[in-house]
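Engineer: What follows is a single structure, and I will ask about it in a moment.
The values are calculated or read from the model by the stated rules, or taken from the named source; none is laboratory data. Computed from a predicted model, the values in this text were never measured in an experiment. With ideal geometry, Cβ positions are generated from the backbone for all residues, glycine too; neighbour counts draw on all protein chains shown. SASA here: full protein model, heavy atoms, side chains in, ligands and nucleic acids out. Shrake-Rupley method; radii C 1.70, N 1.55, O 1.52, S 1.80 Å.
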Amino acid sequence: MDYRGLFEDAIDTLRKEKRYRVFADLERVAGHFPRAIFRDSADNAREITIWCSNDYLGMGQHPDVIRAMQETAAKLGTGAGGTRNIAGTNRPLVELERSLADLHRKEAALVFTSGFVSNEAAISTIARLIPNCLVISDQLNHASMIAGVRQSGMEKKIFRHNDMAHLREILEAAGKDRPKMIVFESVYSMDGDVAPIEEIADLAEEFNALTYIDEVHAVGMYGERGAGICEREGLMHRIDIIEGTMAKAFGVLGGYITASQPIVDAVRSYASEFIFTTALPPALCAAARASIEHLKSSSEEREGQQRQAQRLKEILTEAGLPVMPTNTHIVPVIVGDARRCKAASDMLMEKHNIYIQPINYPTVPKDTERLRITPTPLHTDEMLFELRDALVKVWNVLDLPMHTDTSQLTAQALNSGDLVLPTNGG
């Protein structure tokens, strides 16, 4: 058996399909975000501008966050010393979980090493502990949610993305007496659209179902204190489990759930992903808490981000670029072809010192390949116009379509049967 050859063939397949992922060698410089240093294969260094970071507010380089990490590492050391069962819970982690529970107005919170792990562990554990549970999942849920649903071993049903009539059909067929859990996201990270949370909550109440929402692309970004879309719409009390991350708008690392004390305690006590994983280090916990507490009282970052996102949408649309309309901070620019999407990304980096990763199938449906742009409050107006000019030049060189109606693009692709595979997001 040629084991080496098997793996080489697998990688060659990805290359032929233009799905092979190349990671840019980037060095973010504290205090200069979104500028960074890029090194190519020859280790030549040059300054570039990042336009696709999930550090949506630049909190990963906020002085308070950096200071909290440095001071805590100096006082308490680096690692956590093991799992929480063996090493105990470091004090900054205790304080972080209290901060998260307060953020979402829930009784308790539980921190995991990543948002992927928190979704996989929580969904699978909660569903498994409910006898005969039916898990009802949105069609475009993130890979981590899909993994959690599968790992639970419980029956699942998929409802068409944000389609409340279809969700009602599934709930009616299941009946009010059968235990059910509806799992969905608030902001879907590739199209930038938002779930009809109130309608889902209404249906959940009508059919006696638990609700589980992933707010990873919304926490820090929306609501008076940055608790997400549920806070903005006054619906936190109507959602049973709220999951989030400290790795995006909060700028650090780790995932979490918040819920009632019994639900959180059950996940803490039964989820292998939690029990057998080393805890987050004290310095990371302190940095995450500093970011969360800052954004609870400061709306400056959120307002700046939303202002620049809206400006960029207007500037790119006026230039005739195919911007998919969204009501969130995510700005998708449609290319519609995997090879040319990769070529556009490469040209932006090579000719214009602009870093935007191409988003291709299976992360998005075929023919909806795109550049996913995420402006931050630290992107200046000058940078917005530099990006516009660079995109127009790339579109002209590659002869990419301009003035394209993108409003129903993803819905058309999904309805045609080109379902997104469980690799969404990042």
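Engineer: Which of G244, I330, T317 sits farthest toward the positive end of the charge dipole of the chain, with +1 on the Cβ of Lys and Arg and -1 on the Cβ of Asp and Glu?
Structural biologist: Among G244, I330, T317, the one farthest towards the positive end of the dipole of the chain is G244.
Engineer: Keeping all protein chains in place, calculate the accessible area per residue for segment 28-132 (probe 1.4 angstrom), answer in Å².
Structural biologist: Per residue, segment 28-132 has 46 Å² of solvent-accessible surface.
Engineer: Name the trypsin sites (Lys or Arg not before Pro) in segment 1-73 that are in a loop by DSSP and that have at most 13 other C-beta atoms within 10 Å, would you?
Structural biologist: Sparse-neighbourhood loop trypsin sites (Lys or Arg not before Pro): R21.
Engineer: Shifting gears a bit: For the chain, which whole-number percentage of the solvent-accessible area (1.4 Å probe, protein heavy atoms only) is attributable to carbon and sulfur atoms?
Structural biologist: Result for the chain: 49 percent of the exposed heavy-atom area is carbon or sulfur.
Engineer: How large is the accessible surface per residue of segment 252-399, computed with a 1.4 Å probe and reported in Å² as a whole number? Working shown, then result.
Structural biologist: On the way: 5840 Å² over 148 residues.
That works out to 39 Å² for each residue.
Engineer: Sticking with this structure for a sec: Would you mind computing the Rg to Rh ratio of segment 107-248 from its alpha-carbon coordinates, Kirkwood style for Rh?
Structural biologist: Rounded to two decimals, Rg/Rh equals 0.93.
Engineer: Counting Lys and Arg as +1 and Asp and Glu as -1, each charge on the Cβ, what is the dipole of the chain about the Cα centre in debye, to the nearest 20?
Structural biologist: With Lys and Arg at +1 and Asp and Glu at -1, about 760 debye.
Engineer: About its Cα centre, what dipole magnitude does segment 233-390 give when the only charges are +1 on Lys and Arg Cβ and -1 on Asp and Glu Cβ, stated in debye to the nearest 20?
Structural biologist: Dipole magnitude for segment 233-390 comes out near 240 debye.
Engineer: Evaluated at 25 °C with a viscosity of 0.890 mPa s, what Stokes-Einstein diffusion coefficient in µm²/s does segment 169-312 have when Rh comes from the Kirkwood expression over alpha-carbon pairs?
Structural biologist: Answer, rounded: 147 µm²/s.
Engineer: Show that you can apply the helix-only estimate: for the chain, add -39,500 (n - 2.57) for every DSSP H stretch of four or more residues, divide by all residues, and state [θ] at 222 nm to the nearest 500.
Structural biologist: Value at 222 nm, helices only: -13000 deg cm²/dmol.
Engineer: Expected output is a single nm value to one decimal: the length gained when fully extending between I86 and L129, i.e. 0.36 nm times separation in residues minus the C-alpha distance. What is it?
Structural biologist: Full-extension gain reported as 13.0 nm.
Engineer: Counting DSSP beta bridges in the chain, what percent are antiparallel, to the nearest 5? Could the numbers behind the result be given before it?
Structural biologist: On the way: 26 of 45 bridges.
Taking every DSSP beta bridge within the chain, about 60 percent pair in antiparallel fashion.
Engineer: At a 1.4 Å probe radius, which order do F7, F23 fall into by accessible area, largest first?
Structural biologist: Order by accessible area, largest first: F23, F7.
Engineer: Taking the convex hull of the alpha carbon atoms in the chain, what volume per residue do you get, in Å³?
Structural biologist: Per residue, the Cα convex hull of the chain comes to 164 Å³.
Engineer: Moving to a separate point now. Could you tell me which of rounded, prolate or oblate describes segment 1-140, using a ≥ b ≥ c as the square roots of the eigenvalues of the alpha-carbon gyration tensor, with rounded for a/c under 1.5 and, failing that, prolate when a/b is larger than b/c and oblate otherwise?
Structural biologist: oblate
Engineer: Ok, one more. Which aspartates and glutamates, on any chain, are close to K313 with Cα under 16 Å apart, when same-chain ones fewer than 8 places away are left out?
Structural biologist: D191, D193, E303, D381, E382, E386, D389, D405
Engineer: Please list the radius of gyration and Dmax for segment 270-323, considering alpha-carbon atoms only, with Å as the unit.
Structural biologist: Values for segment 270-323 (Cα only, Rg and Dmax): 19.4, 54 Å.
Engineer: Further, regarding this structure: Please label the shape of segment 318-390 as rounded, prolate or oblate, based on the square roots a ≥ b ≥ c of the eigenvalues of the alpha-carbon gyration tensor (a/c under 1.5 means rounded; beyond that, a/b larger than b/c means prolate, else oblate).
Structural biologist: On the way: a/c = 1.85, a/b = 1.29, b/c = 1.43.
Since a/c reaches 1.5 but b/c is at least a/b, the shape of segment 318-390 is classed as oblate.
Engineer: Can you give me the distance in nm between label points at I275 and R339, each placed 7 Å from the Cα along the Cα-to-Cβ direction?
Structural biologist: About 5.2 nm, to one decimal.
Engineer: Picking from V94, W395, L140, whose Cα lies most toward the positive end of the charge dipole for the chain (charges on Cβ: Lys, Arg +1; Asp, Glu -1)?
Structural biologist: In the chain, that residue is V94.
Engineer: Now a separate question. Would you please classify the overall shape of segment 58-110 from the alpha carbon gyration tensor, given that a ≥ b ≥ c denote the square roots of the eigenvalues, rounded means a/c under 1.5, and beyond that prolate means a/b larger than b/c while oblate covers the rest?
Structural biologist: oblate
Engineer: Could you give the dipole magnitude of segment 188-265 about its Cα centre, charging the beta-carbon of Lys and Arg +1 and that of Asp and Glu -1, in debye to the nearest 20?
Structural biologist: Here segment 188-265 has a charge dipole of around 420 debye.
Engineer: So which of K16/K342; K18/K366; K180/K296; K18/K157 end up more than 23 Å apart by C-alpha?
Structural biologist: Violating the 23 Å Cα-Cα cut-off are K180/K296; K18/K157.
Engineer: Shifting gears a bit: Work out how much length S297 to R4 would gain on full extension: take 0.36 nm times their residue separation and subtract the Cα-Cα distance, in nm to one decimal.
Structural biologist: The span from S297 to R4 would gain 100.0 nm if fully extended.
Engineer: Which loop-located trypsin sites (Lys or Arg not before Pro) does segment 157-186 contain, where loop means any DSSP state but H, G, I, E or B and the Cβ has at most 14 other Cβ atoms within 10 Å?
Structural biologist: K176
Engineer: In straight Cα distance, which aspartates and glutamates are under 14 Å from K248, not counting same-chain residues fewer than 8 positions off?
Structural biologist: By straight Cα distance, K248 reaches D55, D214, E215, E301.
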